[in-house]
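Visitor: One structure is given below, represented as structure tokens, and several questions about it will come after.
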Amino acid sequence: MKEAVSRPVPGNPISSSEPDGLLLVGHGTRDSKGTAQFFQLADVLASRLAPLPVEGCLLEFQHPTIPEAWQTLVSRGCKQIRVAPLLLFAAGHARQDIPEAVAECAAATPEIQYSQSGPLSRSPTLVDLLSRRVEQSLRRSARIDTTDSVALVAVGRGSYDPCARADMLVLGEILARRTGLTQHAVGFYAMAEPRLPEVLDQAAQEPGIDVVIVQPHLLFQGRLYDAIERQVAEAGERHPRVRFIVGDYLGPVPEVADALAHRALVPALA
């Protein structure tokens, strides 16, 4: 998989040199806490990359928009802009929505060159962080005599894109091996199978399972995280013998910023 993709337009050749500005693009959420966490992450990334200018923007729901943040970088004198999508997997937003929005910005500023880095995917830094999230959940349980009594369910948002689904399935396998949990499965909240409630029921019904750790592969607080918590609580009502523990989302932490920096800057240095 290529690390950098973009949609060039006439007068805007793809930049192959080191960028002098970075456009961090988040999906956006109607949840105020999730929005605040995105901009916290943008600040962490900016501190990591200083003095490189970093501008955060959102594809939907909130300001600044992609055109607004693009214009801010241009006004700061940036000529080589790296677009860094804050996306876990490559699907419609990474392949179409963001490139199209950026191409419109670039068409209005033909003096600017740009390129787009890839999604975070299975970044080693994120895998390490997810492993720690699972270990934190293990420490929260008082019913673990052996890891043989624990099932791990990694849950993703879901996508119609088969590559994004396959990426999540592989991530679940890696996470299980890292944490030593032999009983494991992957579920999706929407747009892909198997759905989370089905996977939770199957995990709870496995012989000898006392604890099911559910690790959401999500960046921030939001309605999706809340919905996953509700589905897990409903599973707990169906299976009162089993304790369900929902792990924390990734969050606006240095590990996520470092994964972003690696994805955004390594292609420029290759």
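Visitor: What are the trypsin sites (Lys or Arg not before Pro) within the stretch 207-253 that DSSP puts in a loop, where the Cβ has at most 15 other Cβ atoms within 10 Å?
Guide: In loop regions of the stretch 207-253 (DSSP not H, G, I, E or B), the sparsely surrounded trypsin sites (Lys or Arg not before Pro) are 241.
Visitor: To the nearest µm²/s, what D does Stokes-Einstein give for the chain at 10 °C and 1.306 mPa s, using the Kirkwood radius over alpha carbon pairs as Rh?
Guide: Values: Rh = 19.4 Å.
Approximately 82 µm²/s, per Stokes-Einstein.
Visitor: Something else now. Only bridges whose two residues both fall in the chain count here: according to DSSP, what percent of them are antiparallel, nearest 5?
Guide: Bridges in the chain that DSSP calls antiparallel: roughly 10 percent.
Visitor: In degrees, nearest 10, range 0 to 90: what is the angle between the Cα axis of helix 98-108 and the longest Cα principal axis of the chain?
Guide: For helix 98-108, the angle is close to 10 degrees.
Visitor: Of the beta bridges DSSP finds with both residues in the stretch 142-216, what % are antiparallel, to the nearest 5?
Guide: Working: 0 of 13 bridges.
If I count the DSSP bridges inside the stretch 142-216, around 0 percent turn out antiparallel.
Visitor: Name the residue from 74, 89, 217 whose Cα lies farthest towards the positive end of the charge dipole of the chain, charges +1 on Cβ of Lys and Arg and -1 on Cβ of Asp and Glu.
Guide: Towards the positive end, the residue furthest out is 217.
Visitor: Also, I was wondering about something else. Taking chymotrypsin sites (Phe, Trp or Tyr not before Pro) as exposed when DSSP calls them loop (any state but H, G, I, E, B) and at most 14 other Cβ atoms lie within 10 Å, what is the longest stretch of the chain free of them, the sites themselves excluded?
Guide: Result, exposed sites excluded: 161-270.
Visitor: Here's a follow-up. Using only Cα atoms and rounding to the nearest 10 degrees, what angle (0 to 90) does helix 254-269 make with the longest principal axis of the chain?
Guide: 40
Visitor: Could you work out what % of the accessible surface of the stretch 156-217 is carbon and sulfur, using a 1.4 angstrom probe and leaving DNA, RNA and ligands out of the count?
Guide: Details: 1440 of 2780 Å².
In the stretch 156-217, the share of accessible area belonging to carbon and sulfur is 52 percent.
Visitor: For helix 124-140, what angle does its Cα long axis make with the longest principal axis of the chain, in degrees from 0 to 90 and rounded to 10?
Guide: With both axes taken from Cα atoms, the answer is about 30 degrees.
Visitor: Do you know the relative contact order of the stretch 215-270, to the nearest whole percent, from alpha carbon pairs under 8 angstrom that are 6+ apart?
Guide: Taking the mean separation of contacting Cα pairs over the length of the stretch 215-270, I get 43 percent.
Visitor: Just need the relative contact order of the stretch 25-110 here, percent rounded to a whole number, with Cα pairs under 8 Å and 6+ apart.
Guide: Once divided by the residue count of the stretch 25-110, the mean separation gives 31 percent.
Visitor: Mean separation of Cα pairs under 8 Å and 6+ residues apart, divided by the residue count of the stretch 145-270: what relative contact order is that in percent? Please report the intermediate quantities before stating the final value.
Guide: Working: 193 pairs, mean separation 32.6, N = 126.
This gives 26 percent for the stretch 145-270.
Visitor: Would you work out which of 150, 194, 266 lies farthest towards the positive end of the dipole of the chain, given +1 charges on the beta-carbon of Lys and Arg and -1 on that of Asp and Glu, about the Cα centre?
Guide: Final value for the positive-end residue is 150.
Visitor: Over the stretch 70-206, average the accessible area per residue using a 1.4 Å probe and give it in Å², no decimals.
Guide: 43
Visitor: Are there any trypsin sites (Lys or Arg not before Pro) in the stretch 98-200 that are in a DSSP loop and have at most 14 other Cβ atoms within 10 Å? List them by number.
Guide: Filter output for the stretch 98-200: 143.
Visitor: Just going by the charge dipole of the chain, with Lys and Arg at +1 and Asp and Glu at -1 on Cβ, which of 160, 25, 134 is farthest out on the positive end?
Guide: Farthest towards the positive pole: 134.
Visitor: 222 nm [θ] for the chain, helices only, -39500 (n - 2.57) per DSSP H run of 4+, per residue, to 500?
Guide: The per-residue figure over the chain is -14000 deg cm²/dmol.
The values are calculated or read from the model by the stated rules, or taken from the named source; none is laboratory data. Since the structure is predicted, the reported quantities are computational estimates derived from the model, not experimental observations. For neighbour counting, all protein chains shown are included, and Cβ atoms are generated from backbone atoms with ideal geometry for every residue, glycine included. Just so you know, the surface numbers come from the protein's heavy atoms only, side chains and all, with ligands and any DNA or RNA stripped out. Shrake-Rupley method; radii C 1.70, N 1.55, O 1.52, S 1.80 Å.
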